[in-house]
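These notes concern the structure reproduced below.
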Amino acid sequence: MVPLAASTCRVTYSPAYTLVPTYECFNRCTYCNFRAAPGKSPWLSLTTAREKLEALQNQGVIEILILSGEVHPRSPRRASWFQQIYELCRLALEMGFLPHTNAGPLSLAEMEQLKPVNVSMGLMLEQLTPTLQATVHRHAPSKFPALRLQQLAQAGKLKIPFTTGLLLGIGETASDRRETLQAIAQIHRQFGHIQEVILQPYHPGSQETFGGHAFGSQDLIELVAIARDLLPPEITLQIPPNLVSGSVLTACLNAGARDLGGIGPQDEVNPDYPHPNYTELTKQLEPHAWQLTPRLPVYPQYDEWLPAALQRHVESHRRQLRGRA
């Protein structure tokens, strides 16, 4: 366990808002509460996106998470889908926000095209064990572990600051979790690009078909300590405060977690579990000597990896955060 210092310790979060280009997805993961069938979800227009972003200006939002369902790589609609994601990122930048895209596995060329309009990107590794391809991922071609690992490697080759993570309680074993953490550690040692690892406990939702039990609180606390031991120290551990609260939240922080992820109006992946707001989180944390501190969706050690135009956007936001401190 990482001991809690006698003085106040910082726990960070990203003031964020999620834009969903489309909920349609060719995967059918049984635990999913996000997906719509292909053709059943209208695509977000740039006009509507602009209206949403205009309403967010001067509201303290920094990160725009572009979170999309997946169009099949061989679909004739793939190019239009990808162009929509690119245009949403560019729009968010033009309006003063910092984009972070998570849109499932992308080709190397697609990631290369998105790099100039994203300060960071992400993809959950979830679990490496292939046994899940016979259960929760039976109808989810893009959840093959080798494909997810390839995505992490591509991000490293392109020097894209990256967030990944584990989904916990979907049929994996304790040994599987350690193996997934070790794989993340290994790929980070090769490229040095993974800034955060999310430990996301499964919670039942109203749209899924999986019907499992919520991941155990004590198991999560223990896994935080294990992850902190297995991962390089420069990788920040993140836990979602809408799925982890109260004494479990502070126990996870004491065990080594240091970030609460993007906090916005709604968790699109877990819509049945609203995010607590800043005031609610502060009330939870301050009695336990934790100070809630905003951050950018790119960590400072990666600023120099960004194209010059993005570096200027990032530095402007860093100055603003320093002014609010």
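Taken together, the values in this text are just the output of simple stated rules run on the coordinates, not laboratory data. These figures come from a predicted structure and were not determined experimentally. Virtual Cβ from ideal backbone geometry, glycine too; neighbours counted across all protein chains shown.
Results, tabulated for the structure shown:
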{"read-out": "Leading residue at positive end of dipole, the chain (Cβ point charges), from Leu46, Ile194, Val20", "value": "Leu46"}
{"read-out": "Mean separation of Cα contacts under 8 Å (6+ apart) over length of segment 18-171, as relative contact order %", "value": "24"}
{"read-out": "Peptides ranked, highest mean first, by Cβ atoms within 10 Å: ranges 317-323, 169-175, 26-32", "value": "26-32, 169-175, 317-323"}
{"read-out": "Lys/Arg +1, Asp/Glu -1 at C-beta; the chain dipole; positive extreme among Leu310, Ser245, Thr131", "value": "Leu310"}
{"read-out": "Those Cys residues of the chain for which no other cysteine Cβ falls under 4.7 Å", "value": "Cys9, Cys25, Cys89, Cys252"}
{"read-out": "Segment 247-325-segment 73-150 distance, computed between alpha-carbon centres (Å)", "value": "22"}
{"read-out": "Relative contact order (percent, whole number), segment 193-282, Cα cutoff 8 Å, 6+ residue spacing", "value": "30"}
{"read-out": "Helix-only mean residue ellipticity at 222 nm for the chain, each DSSP H run of n ≥ 4 adding -39500 (n - 2.57), per residue, nearest 500", "value": "-11000 deg cm²/dmol"}
{"read-out": "The chain - charge dipole about Cα centre, Lys and Arg +1 at Cβ, Asp and Glu -1, debye rounded to 20", "value": "520"}
{"read-out": "The chain - percent relative contact order, Cα under 8 Å, separation 6 or more", "value": "24"}
{"read-out": "Residues with amide H under 5 Å from that of Glu196, placed H, sequence gap 5 or more", "value": "Phe162, Thr164, Thr236"}
